[in-house]
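These notes are about the structure you will find just below.
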Amino acid sequence: MVPKKDLLGIEKLTSKDISQYLDLADEFVKVLERPIPIVPALRGKTILTLFFEPSTRTQISFSIAAKRLSADVVNFSRATSSVTKGETLLDTALNIEAMKVDGVIVRHSACGAATFLAQQLEAFIINAGDGCHEHPTQALLDLMTMKQHFNDFKNLKVLIIGDISHSRVARSNIFGLKTLGAEVAVCAPPTLIPLEIEKLGVTIFYNLDEIIGDFDVIMALRIQLERQKTSLFPSVREYRTLYGLTKERAARMKPKSIIMHPGPTNRGIEIDPDVADSNKSVILEQVKNGVAIRMAILFIHAGGKIE
Amino acid sequence: MKPILIKGGRVIDPQTKLDAEVDLLITKNEISQIDKNIRKKDVVRIDAKGLIVCPGFIDLHVHLRDPGRPDEETIETGSKAAVAGGFTSICCMPNTEPVTDNEGIVNYIYKQAARVNLCRVFPIGAITKNREGKEITEFGELITAGVKAFSDDGDTVANSNVLRHALEYSKTFDIPIFEHPIDKDLAQDGLINEGLISTRLGFNGSPAIAEEVIVARDLLLAKFTGARLHFCHISSKNALALIRKAKKEGINVTCETCPHYFFFNDETLESFDTNYKVNPPIRSEKDRLAIIEGLRDGAIDCIATDHAPHCQAEKELEFASAPFGMIGLEMAIPMVVMELIRKQKFSWMKVLQKLTINPAKIIKEKTGIIKEGGLADLTIIDPKKKWKLTESKIQSKSKNTPLLGAELTGRVVGVIINGKIKYSLKD
């Protein structure tokens with residue numbers, strides 16, 4: 001069993017820890033294919049999704065995952081909560097705990113928010129994204145997807161394109177992939193690559209066209225259009241010209257390679273619509289795997305029993 | 001008032017270069033006798049065996065939050081914290097509410113300090129009106145009211161021409177300008193030092209170059225104007241190198257660092273503990289070691305605490321929302337003892353220079369001086385005392401220090417100001 005109460009990040013997980021989640025997720029894939037895809041494993045447990053930032057995939061897939069395990073689910077949305085009256089994260093959490101929730105899945109714009117809650121609450125905490133720091137459940141579903149196509153991570157060549165500086169998906173994937181022995185590279189303009197990232201064992205490229213044919217997995221990240229205003233890149237047009245995953249670039253990728261994206265996509269900017277919809281793209285498989293992986297995560301951290 | 005007899009202490013004074021085991025007799029507000037084995041009846045005896053007796057410390061950089069934030073600190077609670085930390089004089093920064101940019105506030109501060117009657121409190125006046133960085137304050141009026149330096153601390157004077165004029169105008173009075181050398185734009189609203197740690201933790205980082213750029217600019221202006229410039233809280237290797245070079249060229253510049261820059265490096269931020277969130281940020285190990293070297297070779301003149309109280313509710317937030325700052329008055333000596341004296345093998349003589357005569361020279365105030373007829377502003381330290389830092393032991397109203405709960409070595413046990421005992425540790 002993964003020893004810790006919480007899943008706050010993937011950086012400190014061992015290979016064995018990661019495999020535990022992935023192996024269990026494979027079992028839950030089978031459950032999800034049944035006519036009635038529900039098991040009673042977490043019956044009686046209450047799971048809260050505490051999302052201070054918008055989310056489509058993560059919040060819904062955690063909600064579905066919990067329900068598939070027969071847990072009771074409560075969903076919190078910042079906009080309709082007392083946070084709008086100035087209530088702090090700490091007070092929100094303490095009040096929720098008083099209502100005896102077993103697990104909290106939290107997404108917040110501040111780095112370390114999940115760690116903060118884990119220190120304050122008895123309930124188990126799953127980090128669904130803390131600022132630009134980590135998004136461990138996304139990385140785990142990404143690793144699961146890669147494993148389905150390539151089986152072995154050693155010698156796997158993975159490229160992440162986009163705003164690495166501001167991406168928790170990039171960080172978590174880098175941590176997880178390096179632990180599993182994969183080769184990881186990033187491609188972006190220097191303004192979007194954080195200082196000293198090469199010390200994490202990551203190779204840096206600025207020119208996508210020169211390297212597009214070298215990778216088994218290419219992951220495109222959503223470019224946040226607000227970053228343009230802070231002079232990190234001059235325009236969306238130039239970004240797409242230099243770093244967009246266009247049809248032409250996709251055609252020059254390795255034959256058995258795959259294209260990934262954590263979503264939501266800016267169609268026509270970091271990825272062209274027909275590339276996102278092509279058979280090289282595994283974007284919707286990622287989402288499907290997301291439910292299974294989150295079932296595995298909830299099962300392990302809520303102390304589920306196999307019947 | 002009975003004379004005070006301090007017996008058997010190791011008496012060290014960086015001004016007179018005294019370092020000896022001698023007794024001191026204090027009569028009225030002066031040191032009246034220095035001798036081995038003074039015999040005198042009808043005195044207040046202080047047994048200083050195994051302790052260090054030295055001139056009282058001067059802190060050039062304290063935030064007393066008074067007027068404006070009595071929930072965080074007042075002149076009274078800040079003074080209590082100061083004497084508990086061994087400080088006989090403190091300079092309080094003007095980023096109060098309202099800003100200390102007029103003589104009314106300066107008078108208020110002196111009045112409160114007199115009522116509290118503990119350490120000497122010297123207000124620092126704002127360089128610009130309301131710290132807006134546009135128009136300089138009435139230096140003359142503020143100096144008459146009693147300010148000892150000018151600073152817009154919390155911000156650099158961003159407009160180079162305003163800073164030029166402030167430096168030139170300060171020459172009228174031979175009074176120093178204390179600059180907070182951080183370029184706001186380069187700092188990018190960064191929450192911690194920009195480097196490998198911020199990359200791993202996903203934080204927006206404040207790079208060391210934000211400090212270096214302003215230090216470079218300000219040094220050129222100091223050279224151009226010939227004014228007296230002092231840098232607050234130097235935290236990075238490269239900025240320090242520029243200052244060292246400028247001193248060799250004869251530019252009239254001094255600088256301070258804070259204990260947290262020689263005691264911690266940015267790896268501590270992995271804990272996301274908001275008590276490590278300071279501005280400028282705690283930097284890499286490379287910078288920490290450079291700061292220590294700067295203290296060793298004299299590039300850094302003073303140790304100042306940048307004591308920055310914040311109440312619990314404000315610090316008990318997610319990292320991004322918590323304010324910057326940690327308290328420091330009562331933690332300075334343990335951090336000095338544990339890192340500089342014990343680990344880095346600094347002599348007490350060298351350390352005490354940074355806490356007494358060097359800051360005194362900058363604000364042109366007197367220190368205690370251990371000679372017959374010298375002013376009796378003294379601090380007594382137990383350099384070996386082991387103690388656990390708990391909330392109840394902290395005199396400051398705020399308890400925002402990352403050392404809470406830590407086992408410390410070294411503690412101030414007594415303070416005498418103007419010949420009167422103002423602090424005595426009760427275990």
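The values are calculated or read from the model by the stated rules, or taken from the named source; none is laboratory data. What you are looking at is a predicted structure, and each value in this text was computed from that prediction instead of being measured. A quick note on method: Cβ atoms are made from the backbone with ideal geometry, for glycine too, and the neighbour counts reach across all protein chains shown.
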Output for the range B:278-303, where each listed residue is surrounded by 20 or more Cβ atoms within 10 Å (Cβ to Cβ) and over 18 Å from the mean Cα position of the chain (by Cα): B:Arg283, B:Ser284, B:Asp287, B:Ala290
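Let's see how each residue does on (1) out of contact with any strand residue (DSSP E or B) (no Cβ under 8 Å at 6 or more places or on another chain); (2) under 30 Å from A:Phe62 (Cβ atoms); (3) surrounded by fewer than 23 Cβ atoms within 10 Å (Cβ to Cβ):
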{"site": "A:Asp216", "(1), (2), (3)": "no, yes, yes"}
{"site": "A:Met219", "(1), (2), (3)": "no, yes, no"}
{"site": "A:Val236", "(1), (2), (3)": "yes, no, yes"}
{"site": "A:Ile297", "(1), (2), (3)": "no, yes, no"}
Counted residues, the range A:255-280 - those being in contact with a Lys or Arg (Cβ under 7 Å, 6 or more places away or on another chain), of a type in the set (A, V, I, L, M, F, W, C) and closer than 15 Å to A:Asp142 by Cβ: 2
Any hit, the range B:359-367, residues being within 20 Å of the chain's Cα centre (by Cα), among the acidic types (Asp, Glu), surrounded by fewer than 19 Cβ atoms within 10 Å (Cβ to Cβ) and at negative phi: yes
Among the residues listed as A:Asn173, A:Asn207, the single one being away from every other protein chain (no Cβ under 14 Å) and either within 23 Å of A:Arg294 (Cα to Cα) or of a type outside the set (Lys, Arg) (or both): A:Asn207
Those residues of the range B:1-33 which are over 21 Å from B:Lys422 (Cβ atoms), among the hydrophobic types (A, V, I, L, M, F, W, C) and in contact with a Lys or Arg (Cβ under 7 Å, 6 or more places away or on another chain), in sequence order: B:Val22
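Per-residue answers, yes or no, for (1) loosely packed, with under 12 Cβ neighbours inside 10 Å; (2) of a type in the set (Ser, Thr, Tyr); (3) closer than 22 Å to A:Asn75 by Cα:
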| site | (1), (2), (3) |
| --- | --- |
| A:Asp6 | no, no, yes |
| A:Leu13 | no, no, no |
| A:Lys16 | yes, no, no |
| A:Ser19 | no, yes, no |
| A:Leu22 | no, no, no |
| A:Glu27 | no, no, no |
| A:Lys30 | yes, no, no |
| A:Pro35 | yes, no, no |
| A:Val39 | no, no, yes |
Breaking point among (1) away from every other protein chain (no Cβ under 14 Å); (2) over 15 Å from the mean Cα position of the chain (by Cα), for B:Cys311: (1)
In the range B:131-155, the residues that are more than 23 Å from B:Thr254 (Cα to Cα) and not in a loop (DSSP other than H, G, I, E, B): B:Glu141, B:Thr144, B:Ala145
Strands (runs of 3 or more DSSP E) (entirely within the range A:101-179) containing at least 2 residues that are in contact with a Phe, Trp or Tyr (Cβ under 6 Å, 6 or more places away or on another chain), within 14 Å of B:Glu318 (Cβ to Cβ) and not assigned by TED's automatic domain parsing to the domain that holds A:Ile223: A:103-108
Top-ranked residue in the range B:203-222 [being over 22 Å from the mean Cα position of the chain (by Cα), part of a loop (DSSP other than H, G, I, E, B) and crowded, with 20+ Cβ neighbours inside 10 Å; ranked as farthest from the other protein chains (Cβ to nearest Cβ)]: B:Pro207
